[in-house]
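Here is the structure we will look at, set down as structure tokens.
The values are calculated or read from the model by the stated rules, or taken from the named source; none is laboratory data. What you are looking at is a predicted structure, and each value in this text was computed from that prediction instead of being measured. Note that we place each Cβ from the backbone using ideal geometry, even for glycine, and neighbour counts take in every protein chain shown. Heavy atoms of the whole protein, side chains included, go into the accessibility calculation; ligands, DNA and RNA do not. Shrake-Rupley method; radii C 1.70, N 1.55, O 1.52, S 1.80 Å.
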Amino acid sequence: MANHSQLNFQDASSPIMEELMGFHDHALMVALAICSLVLYLLTHTLTEKLTSSTVNAQVIELVWTILPAMVLVTLALPSLRILYMMDEINDPDLTLKAIGHQWYWTYEYTDFKDLTFDSYMIPTTDLPLGHFRLLEVDHRVIVPMNSTIRVIVTADDVLHSWAVPSLGVKTDAIPGRLNQTSFLASRPGIFYGQCSEICGANHSFMPIVVESTPLADFENWSSLVPS
């Protein structure tokens, strides 16, 4: 999870988030190259004496039209690739429905019979020692690792947003509408998120906790959890 001095993203825990972090670094390198070129041209203009140029104006216009187009293509192609990867959901191993309320989440495992529960934030006064304030919940979302999880997101009252940064997931929860996303947790662990939509007074108090476990542990949990 994030810490106070962190400047970069959280550690990637899904293939999609790894791709997003790679594209972020790629875009930063493109921006660095553009800034370096502009800084060089500004420095050259301010330090050199102004002289008449023999370069044809049409050549200059051609260069400053083609170069930005090449930069846009360099950014657009990997961006579209990741966009299609995020939108593609083929044969999910598990379907999870997340319903936003003011101010808690309801989860339904639609592949199981009557497996549903509410997830509330644990108040600070009841928080066990070593747990994270404003991020821990009474019922975590348990998912099997290395499995494609489809998440259907909606809301019961106002706009919410189901977001887990380390998994590369952020989907708006809209009343009367079903949005879907997917993720694959590539390692076991506990991943924290929060509602990323300003949904009211307690907007900051409806966290999301996803726990990725081996398949055998998930099957044991699903058979023991009360409906």
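Run L39 past the list (1) part of a helix (DSSP H, G or I); (2) in the same structural domain as S186 (by the TED database); (3) among the hydrophobic types (A, V, I, L, M, F, W, C) and report the number of the one that doesn't hold. Status for L39: all satisfied but (2). In segment 30-46, is there at least one residue being out of contact with any His (no Cβ under 9 Å at 6 or more places or on another chain), open to solvent by 100 Å² or more (accessible area, probe 1.4 Å) and polar (S, T, N, Q)? Checked segment 30-46: no residue is out of contact with any His (no Cβ under 9 Å at 6 or more places or on another chain), open to solvent by 100 Å² or more (accessible area, probe 1.4 Å) and polar (S, T, N, Q).
For beta carbons closer than 8 Å, sequence separation of 6+ or different chains, a first residue in segment 1-13 that is open to solvent by 100 Å² or more (accessible area, probe 1.4 Å) and a second that is at pLDDT 85 or above, the qualifying pairs are D11/S166. Scanning segment 61-105 for residues that are hydroxyl-bearing (S, T, Y) and touching a residue at least 24 places away in the same chain (Cβ under 8 Å) gives T74, S79, T95, Y104.
The rows are residues; the columns are (1) within 30 Å of S147 (Cα to Cα); (2) aromatic (F, W, Y).
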{"residue": "F23", "(1), (2)": "yes, yes"}
{"residue": "E61", "(1), (2)": "no, no"}
{"residue": "L72", "(1), (2)": "no, no"}
{"residue": "I89", "(1), (2)": "yes, no"}
{"residue": "I99", "(1), (2)": "yes, no"}
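Here M21 clears all of (1) open to solvent by 60 Å² or more (accessible area, probe 1.4 Å); (2) at pLDDT 85 or above except the condition numbered (1).
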